[in-house]
Amino acid sequence: MLNGKVALITGASRGIGRAIALKFASLGADVAVVYAGNDDKAKEVVEAARGYGVRAEAYKCDVSDYNAVKETVDAVKNNFGPFDILVNNAGITKDGLVMTMKEEAFDAVVDTNLKGAFNMIRHCSPMFVRKKSGKIINISSVAGLLGNPGQSNYAASKAGLIGLTKSVARELASRNITCNAIAPGFIQTDMTENITQDNPLMNNIPLGRVGLPEEIAELAAFLVQDGANYITGEVIRIDGGLAM
């Protein structure tokens, strides 16, 4: 259970982030729902989380903006007090072949997916160090392990998250802070809405189906509970066997 814990989740208005926020709430954690654009979706997540009897608030933030992230982290601390869990889930795609990809498409994806996670960790880690406790989860991707044609920017950002995860885990371990990465495969979200059972990509998934956001949330919930205190620096695939 997560009673008495407070979690900040980025990209929490939809998909995997939404599922993680609601799973944590169902286990008793108060949740800070950080999102980039859709006010209505964020409010829906907040109301659903409050239905579990916990505190929940929404915070609009561009995670690629260093100063905006600092302001958001400060706002969460002011509202909830020092918090316990950080989940870096915010991510975007701007797909295209590398030989035709525009610079701004590469920069935008890396700035949100990778630098956004750095920004959050940078501004949360002093608080975790003072508390001598904290759980950080970075949502990477099997694309960061295998690469994916047409997604050089996305794969690079997700591979970068793995290096960030391992470095942060080593830096903060002495302060009882863990940092792990989850590498989902094809998960049923807005980003993968074009993937169906008839898609040839399905032939590469031994379990023969896409995953559900709730399945990622179950793994995230395990990693932030006390039973996972001795796990850090890990990259855990949850992909139906795709990258086996």
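Bear in mind that the values in this text are calculations on the coordinates, not laboratory data. None of the values given here were measured: they were computed from a predicted structure. All Cβ positions, glycine included, derive from the backbone under ideal geometry; neighbour counts span all protein chains shown.
Using modelled amide H (1.01 Å from N, peptide plane; none on Pro or chain starts), what sits under 5 Å from the amide H of residue 187, excluding residues fewer than 5 places away?
211
Tell me, what HN-Hα J-couplings in whole Hz come from the Karplus equation 6.51 cos²θ - 1.76 cosθ + 1.60 at θ = phi - 60° for each residue of region 108-116, using x for Gly and Pro?
Karplus-based 3J(HN,Hα) across region 108-116 equals 4, 5, 5, 5, 7, 6, 9, 5, x Hz.
Pairs of lysine in region 6-236 with Cα under 12 Å and at least 8 positions apart or on different chains: total?
Pairs that pass both the separation and distance tests number 4.
Within 10 Å of each residue's Cβ, count the other Cβ atoms and sort 9, 92, 139 from fewest upward.
Numbers: 9 31, 92 18, 139 27.
The most exposed by this proxy come first: 92, 139, 9.
The chain: D in µm²/s via Stokes-Einstein (Kirkwood Rh, Cα pairs, 37 °C, 0.692 mPa s)? Before the final figure, lay out the partial values.
Working: Rh = 17.9 Å.
Translational diffusion coefficient: 184 µm²/s.
Sort out for me the Cα centre separation of region 201-223 from region 57-106, rounded to whole Å.
The two parts, judged by their Cα centres, are 24 Å apart.
How high is the relative contact order of the chain? Use alpha-carbon pairs under 8 Å, at least six apart in sequence, and give a whole percent.
19 percent
Using the count of nearby Cβ atoms within 10 Å as a rough guide to exposure, how do 61, 179 rank from fewest to most?
Values: 61 23, 179 28.
Lowest to highest Cβ neighbour count: 61, 179.
With θ set to phi - 60°, apply the Karplus curve 6.51 cos²θ - 1.76 cosθ + 1.60 along region 55-72 and write out the HN-Hα couplings as whole Hz, x wherever there is a Gly or Pro.
7, 8, 9, 9, 9, 7, 7, 8, 5, 6, 9, 3, 6, 5, 5, 4, 5, 5
Taking amide H positions as placed 1.01 Å from N in the peptide plane, with prolines and chain starts having none, which residues 5 or more places from residue 235, or on another chain, fall under 5 Å of its amide H?
Sorted by chain and number, the residues that satisfy this are 181.
Ordered by residue, what ³J(HN,Hα) values in Hz, to whole numbers, does region 33-47 give under the Karplus form 6.51 cos²θ - 1.76 cosθ + 1.60, where θ = phi - 60° and Gly and Pro are x?
8, 9, 8, 9, x, 8, 4, 5, 5, 5, 4, 4, 5, 4, 5
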